[in-house]
Structure formats: C-alpha cells, structure tokens
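Contents: one structure, followed by commentary.
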Amino acid sequence: MGPDPAGKPAALAAETNVYQLDEPLAGTQIPGEPPGTFYSSYWTELGLRAIWRTRGLPDGTYTLEIEAWDAAGNPIAASTNHFATLNLHLVNTPPESTIHNLRYLNGDIVLSDADPCQTVLLNKISSPTFDDDLQFEITAQHPSGFLRNYTLHAWYGHNTSAGQIASGTAPAVNLVVPTPASITYQTCAYRFRLRVVPKITNGYYIIYVRDDNWYAAISVLEP
C-alpha cells in the first residue's frame with residue numbers, strides 16, 4: 001500500500017509514520033523479461049511515498065534521508081545511491097511585487113496610494129511635454145535572492161493587450177521605468193500588472209508568484 005490521498009503515513013508492525021513499499025525494489029528481475037532486465041532505481045510519481053506539508057516551516061536547508069524496515073519491523077539497510085539522501089532548500093518567503101506610483105515624465109506623481117483613482121490626463125496636443133506620457137516606479141525582488149523574472153504589462157478595454165512596459169531578471173528596487181515607444185495610450189480604462197516570479201517550486205510547478213495591479217482611467221488630449 002502507498003500513502004492515502006492526503007499523503008498520511010501508516011503503521012507497520014511496531015513502526016509508525018511509515019509507508020509500505022507497493023512496487024518492486026530497484027534491481028529486482030522483471031518477470032517475463034530476459035535475465036538481467038531489472039526494475040529501475042529512478043524515482044517516479046508512481047512510487048511517491050509521502051507529501052510533505054512544508055508551508056509555514058522556517059526557510060533553510062533540510063536533509064531528507066531514507067530509513068527502511070522489513071514487514072516485521074526490523075531495520076534493513078537502505079539504498080546507498082545518491083537517491084537515498086535529498087538536500088532541500090526550503091523557501092516560504094514570497095517575492096515583493098509593488099507598483100508604487102504612476103508619474104509624468106518630469107517625475108510628478110499622477111497616481112499613488114494617497115490618490116489612486118483620479119483620471120490620468122495625457123496631453124498630446126503640444127508634444128513633447130512633461131505630461132504626454134507615463135512612467136512607473138516599481139519594486140520587484142525576492143529578499144533571499146530567489147528572483148526568476150518580472151514583467152510589467154498593460155491592458156485596456158476588454159482584455160486588449162497594450163504591450164509590455166518593462167521586464168527583467170535582476171532585482172528592481174524603486175526602479176522608474178518609462179513607457180516604451182511601442183505603447184501608444186488612448187482614452188480608455190487601463191490595467192497595469194506587475195508580475196514577479198520567484199525561483200521556488202513545490203516539486204511540480206512554480207509557487208509564490210505575486211502580482212500587483214493598478215487600474216486607471218486614461219484620457220488623451222489628441223492634437
């Protein structure tokens with residue numbers, strides 16, 4: 001038998017908190033196959049023994065080792081190959097994803113937490129002027145250095161992509177990024193999303209991805 005759906009261990013003879021092997025040991029002859037054809041030693045999802053609930057545990061390096069017993073509860077030597085010990089760096093601290101404010105090109109703040117909802121007015125009549133485009137102050141980082149990447153993206157109207165404003169793989173702390181020339185604002189409702197992706201997985205997929213969103217009404221004075 002293997003673990004139940006919740007990943008809880010079972011009792012076996014005098015031992016508790018163990019899992020009974022439910023598949024042939026590595027190196028066992030496969031029945032019906034030519035001599036010397038053995039079961040593999042590679043870890044597979046079929047042989048998954050336990051689900052370790054690591055959320056809430058302190059960050060740090062943990063060493064997992066295999067201990068084995070026979071059906072009577074007597075200890076037996078576990079495998080000595082490099083699959084028998086696992087060093088796991090556990091990180092439960094998410095990254096930081098923050099859009100601090102939206103600014104005009106001269107640095108004047110248009111939207112901030114103190115005033116997040118006013119309409120952003122862009123003046124295209126007498127371009128170039130300090131108020132004919134936007135720039136953003138952002139922070140995208142992981143406190144322990146486990147940053148994979150970040151992207152600042154814009155949408156408007158009904159799920160229409162305006163394009164990517166900024167991206168990177170190095171920490172961006174209070175970085176001010178201008179709108180690229182590829183994005184031309186129009187009078188509409190906009191969503192700006194800063195997505196930060198860390199180098200943290202649960203063994204299957206990336207976790208602790210963090211988004212910060214700013215929703216703004218933009219009004220453009222056309223020439």
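The values are calculated or read from the model by the stated rules, or taken from the named source; none is laboratory data. The model shown is predicted, which means the values in this text are computed figures rather than measured ones. Here the Cβ positions follow ideal geometry from the backbone for every residue, glycine too, while neighbour counts run over all protein chains shown.
Restricting the stretch 176-199 to residues that are closer than 18 Å to THR129 by Cβ and without any contact (Cβ under 8 Å) to a residue 24 or more places away in the chain, which is surrounded by the most Cβ atoms within 10 Å (Cβ to Cβ)? Checked the stretch 176-199; the qualifying residue surrounded by the most Cβ atoms within 10 Å (Cβ to Cβ) is THR184.
Filtering the stretch 200-217 to residues that are within 18 Å of LEU134 (Cα to Cα) and either among the hydroxyl-bearing types (Ser, Thr, Tyr) or outside the structural domain of THR151 (by TED's automatic domain parsing) (or both) leaves only TYR215.
In this structure, does ASN123 turn out to be at pLDDT 95 or above and surrounded by fewer than 19 Cβ atoms within 10 Å (Cβ to Cβ)?
Values: at pLDDT 95 or above: no; surrounded by fewer than 19 Cβ atoms within 10 Å (Cβ to Cβ): yes.
Criteria not met by ASN123.
Of all the listed residues (GLN118, GLN141, GLN135), the sole one being assigned by TED's automatic domain parsing to the domain that holds ILE200 and either exposed (fewer than 12 other Cβ atoms within 10 Å of the Cβ) or touching a helix residue (DSSP H, G or I) at 6+ places or on another chain (Cβ under 6 Å) (or both) is GLN118.
If I ask for residues that are part of a loop (DSSP other than H, G, I, E, B), of a type in the set (Asp, Glu) and within 30 Å of SER144 (Cα to Cα), which ones from the stretch 57-78 would you list?
Kept after step one, since they are part of a loop (DSSP other than H, G, I, E, B), are these residues of the stretch 57-78: 57-59, 66-67, 70-74, 77-78.
Checking which are of a type in the set (Asp, Glu) leaves us with 59, 67, 70.
Listed by number, the list holds a single entry, ASP59.
Within the stretch 56-88, restricting attention to residues that are more than 22 Å from ALA11 (Cα to Cα) and at pLDDT below 85, which residue is nearest to the chain's Cα centre (by Cα)? Steps first, please.
Step one: of the stretch 56-88, the residues more than 22 Å from ALA11 (Cα to Cα) are 56-63, 80-83, 85-88.
Of the ones still in play, those that are also at pLDDT below 85 are 80-83, 85-86.
Working: THR80: 33, ASN81: 31, HIS82: 28, PHE83: 26, THR85: 26, LEU86: 22 Å.
In this case the residue turns out to be LEU86.
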